[in-house]
1. Kindly list, by first and then second residue, each pair from a residue in the range 74-87 that is among the hydrophobic types (A, V, I, L, M, F, W, C) to a residue that is not in a helix (DSSP H, G or I), limited to pairs with Cβ atoms under 8 Å and residues at least 6 apart or on different chains.
2. State whether one or more residues within the range 56-65 are modelled with pLDDT of 85 or more and touching a Ser or Thr at 6+ places or on another chain (Cβ under 9 Å).
3. So which pairs qualify, if the first residue must be in the range 112-140 and over 22 Å from Ala47 (Cα atoms), the second must be among the polar types (S, T, N, Q), the Cβ gap must be under 6 Å, and the two must be at least 6 apart or on different chains?
4. Test of understanding: among Gly67, Gly71, Gly79, Gly48, which residue is surrounded by fewer than 23 Cβ atoms within 10 Å (Cβ to Cβ), closer than 19 Å to Ala130 by Cα, in the same structural domain as His100 (by TED's automatic domain parsing) and not hydrophobic (A, V, I, L, M, F, W, C)?
Amino acid sequence: MKTIKHIFSAYGKWIWGVLAPLGVWGVFAIAAVDAAFMGLPMDPIVAGYIYKDPNGFLLYVLLASSGSAVGSIVLYVIGYTGGEMLLRKRLSPERFQKIHASFEKHEFWALMFPAMLPPPTPFKAVVLAAAAFEMSFVRFFLAIFAGRFVRFLILGWLTLRFGPKVVEIGGHVVAHHFRWVLLAVALGLMFWLIWRWRAAKKTAAKQNAAGTGNPALRSEERSSGD
């Protein structure tokens, strides 16, 4: 156990040593590498930046989200040029059709939702699927940016409130209760969508009422116009 802790400690020091010369752009670079090539401990890194420099909270969230979106372009190219064949080899026909149907109905949310979730969510597989099903590049980029922005925004707020230890606690909770975490996020997203729908409905009703106006007033306006 001590050997494993020593290895992780040395690995963490090496990463911070590589990022130090990059300054604030280090979080952008590490997020891009994480999204494009290999899984890196993004949550501890983003939390570390925010904890050391609370004033740059929003900047780090934006840089990490942008880096993830930019790095995912590599997977988009791979998926767009030959991703469907790759997915068919790795997924059962039923699973493939289920994912395909999800993207056909709600492609933006089908990508944004996994982008919000921490590991062990198979995010790269979802990114490849989005490209393989020919999701437009702009929507692809925006969905990843939006999902990652929500994720890192919540992570940053928790870090400022409870300290960087929240990453370790959160990782333990996700690892042991992933289904419940997934359900909680899904419910939260559902309530947010309902709230947005109701707000949009109220706004549309007010606009219609304003456009309709008072019938007597409209009659007077027509008379004065004549």
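The values are calculated or read from the model by the stated rules, or taken from the named source; none is laboratory data. Quick caveat: nothing in here was measured; it's all calculated off a predicted structure. Heads up, the Cβs are rebuilt from the backbone with ideal geometry, glycines too, and the neighbour counts pull from every protein chain shown.
1. Val74/Phe37
2. Within the range 56-65, the subset modelled with pLDDT of 85 or more is 56-65.
Retained after the next criterion (residues that are touching a Ser or Thr at 6+ places or on another chain (Cβ under 9 Å)): 57.
Taking every residue of the range 56-65 in turn, at least one turns out to be modelled with pLDDT of 85 or more and touching a Ser or Thr at 6+ places or on another chain (Cβ under 9 Å).
3. Val127/Ser72
4. On the way: Gly67 fails: surrounded by fewer than 23 Cβ atoms within 10 Å (Cβ to Cβ); Gly79 fails: surrounded by fewer than 23 Cβ atoms within 10 Å (Cβ to Cβ); Gly48 fails: closer than 19 Å to Ala130 by Cα.
The unique qualifying residue is Gly71.
Let's see how each residue does on (1) within 18 Å of Thr81 (Cβ to Cβ); (2) in a helix (DSSP H, G or I); (3) at pLDDT below 90:
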| position | (1), (2), (3) |
| --- | --- |
| Phe103 | yes, yes, yes |
| Glu107 | no, yes, yes |
| Ala110 | no, yes, yes |
| Thr121 | no, no, yes |
| Val126 | yes, yes, yes |
| Arg139 | no, yes, no |
| Leu142 | no, yes, no |
| Phe145 | no, yes, no |
